[in-house]
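The values are calculated or read from the model by the stated rules, or taken from the named source; none is laboratory data. These numbers come from a predicted model, not from an experiment. Note: ideal-geometry Cβ built from the backbone for every residue, glycine included; neighbour counts use all protein chains shown. Surface areas here come from the heavy atoms of the whole protein model, side chains and all, with no ligands, DNA or RNA. Shrake-Rupley method; radii C 1.70, N 1.55, O 1.52, S 1.80 Å.
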Amino acid sequence: MLDEVFRVDEFPPPDGKAMATEFIAVGGGCAANAAVAIARLGGQASFAGPLGGPAGQEPISDRILAGLTAEGVDCGGCVRLDGVTSALSAIFVNARGERTIATYRDHRLDAVTPRDAAALAAATDAVLADNRFPTFSLPICGAALRRGVPVVLDADKPAAPDDPLFAACSHIVFSSEGLRATMRMDDLAAALRKFGEATNAFLAVTNGADPVLWRDHDDAIRALPVFRIAAVDTLAAGDVFHGAFTLGLMEGREAVDALRFAAAAAGVKCTRFGGSASAPHRAEVDALLAGA
């Protein structure tokens, strides 16, 4: 999607107005932001997803693809649906780094499928999917899992616990909101343990400034502290986390070490305004890890 991001001191009150101190229009969306993060961290990233079209006549999609291409992300797996506009979000970020978001999405995009899922999966060392477009993601994840490469799911959107996309992934990292809504439980540790009864996948859940919880091989729930930073903008932090986690797995890190690498990348991102435009480079993440 395209994110139009406004930095404000406080969110606009009901039926009120707020003056923005900064503004940026930048590409967004969970998997797309993660692809930018991977590229900036030294990985080779490709992005596949449904977008509006046709090329040259749908400016939001053209702008999204131009931004990804400028970051070195290959977009050859994207499928454009003529007569449809890609998703657009208006986002307010306050002085504490908190955000509020309104999104428009044409749900005709929900039915789009990849042109050749097997070919996309065959060209990768790892796959990261979000669950916003499961019809598009599922065949790619399934093909990659059959190849035996890591398949990571950014489970940000609430879903049924028996959603087939969960079974097509080797690693599932929930947002706290996504896990609570999926399992209908407030206790994140209990929800993660309950979800784990039906899967052998590696499971974790992020929770903002609180520790990342993950399920150990003995079914115990462990906690990984995140890095203490002064948050300026948390927009895209979860996406950066998932991108860095996937890159860490691809580089041969154990899952817990990949979580720590991801927490550092997300921490750096939160220290500056701009959504995915402020995703960190590798040297910045390495410096935070070295100083911890």
**OP:** Indicate the gyration tensor shape class of segment 87-211 (rounded, prolate or oblate), computed on the Cα atoms with a ≥ b ≥ c the square roots of the eigenvalues: a/c under 1.5 is rounded; otherwise a/b larger than b/c is prolate and the rest oblate.
**Re:** oblate
Subject >> Candidate aspartates and glutamates for bridging to Lys269, where Cα separation is under 15 Å - those fewer than 8 sequence places away on the same chain excluded >> reply: Glu98, Asp233, Asp239, Glu284, Asp286
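Give the residue list of trypsin sites (Lys or Arg not before Pro) in segment 144-187 that are DSSP loop and have at most 11 other beta-carbon atoms within 10 angstrom. Could the numbers behind the result be given before it?
Details: sites: Arg146, Arg147, Arg180, Arg184; in loops: Arg184.
Here the sparse-neighbourhood loop sites are Arg184.
Which helices count as membrane-span-like in the chain under these terms: full DSSP H, at least 18 Å along the axis by C-alpha, Kyte-Doolittle mean of 0.0 or more? Don't skip to the answer; put the middle values down first.
Numbers: long enough: 134-147 (20 Å, 0.49); 237-250 (20 Å, 1.02); 255-270 (22 Å, 1.11).
The answer, listed by residue number, is 134-147, 237-250, 255-270.
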Subject >> Average accessible surface area per residue within the chain, 1.4 Å rolling probe, Å² >> reply: 46 Å²
Original post:
Quick one, which of (1) 50; (2) 76; (3) 53 is the actual percent of Cα pairs over 23 Å apart calculated for this model?
Top reply: (3)
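Could you look at segment 36-178 and say what percent of its accessible area is carbon and sulfur, using a 1.4 Å probe and all protein chains?
After summing per-atom areas, the C and S share lands at 54 percent.
What net charge do the residues around Phe92 carry, taking every other residue with its C-beta under 13 Å from that of Phe92, with Lys and Arg at +1 and Asp and Glu at -1? Could you put the intermediate results ahead of the total?
Working: positive: Arg7, Lys17, Arg96, Arg99; negative: Asp3, Glu4, Asp9, Glu10, Glu22, Glu98, Asp233.
Here the charged neighbours net out to -3.
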**OP:** Report the FRET efficiency, 1/(1 + (r/R0)^6), for Thr103 and Asp125, where r is their Cβ-Cβ distance and R0 is 35 Å, rounded to 0.05.
**Re:** 0.65
**OP:** Net charge near Gly53: determine it from the other residues with C-beta under 11 Å of the C-beta of Gly53, scoring Lys and Arg +1 and Asp and Glu -1.
**Re:** -2
Original post:
How about segment 1-92: which GluC sites (Glu not before Pro) there are in a DSSP loop, with at most 15 other Cβ atoms within 10 Å of their Cβ?
Top reply: Glu10
Original post:
For the pair Glu177 and Met19, how long in nm is the line joining their label points, each one 7 Å along Cα→Cβ?
Top reply: 2.9 nm
Original post:
Within a Cβ distance under 11 Å of Ala231, other residues only, what is the Lys/Arg minus Asp/Glu net charge?
Top reply: +3
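At 222 nm, what helix-only mean residue ellipticity would the chain give, in deg cm²/dmol to the nearest 500, using -39500 (n - 2.57) for each DSSP H run of four or more? Show your work: numbers first, answer last.
Numbers: 10 runs with 103 residues, N = 292.
Only helices count here, giving -10500 deg cm²/dmol.
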Original post:
Leu51's amide H: which non-local residues (gap 5+, or another chain) put their own amide H closer than 5 Å, with H modeled 1.01 Å from N in plane and none for Pro or chain starts?
Top reply: Val79, Arg80, Leu81
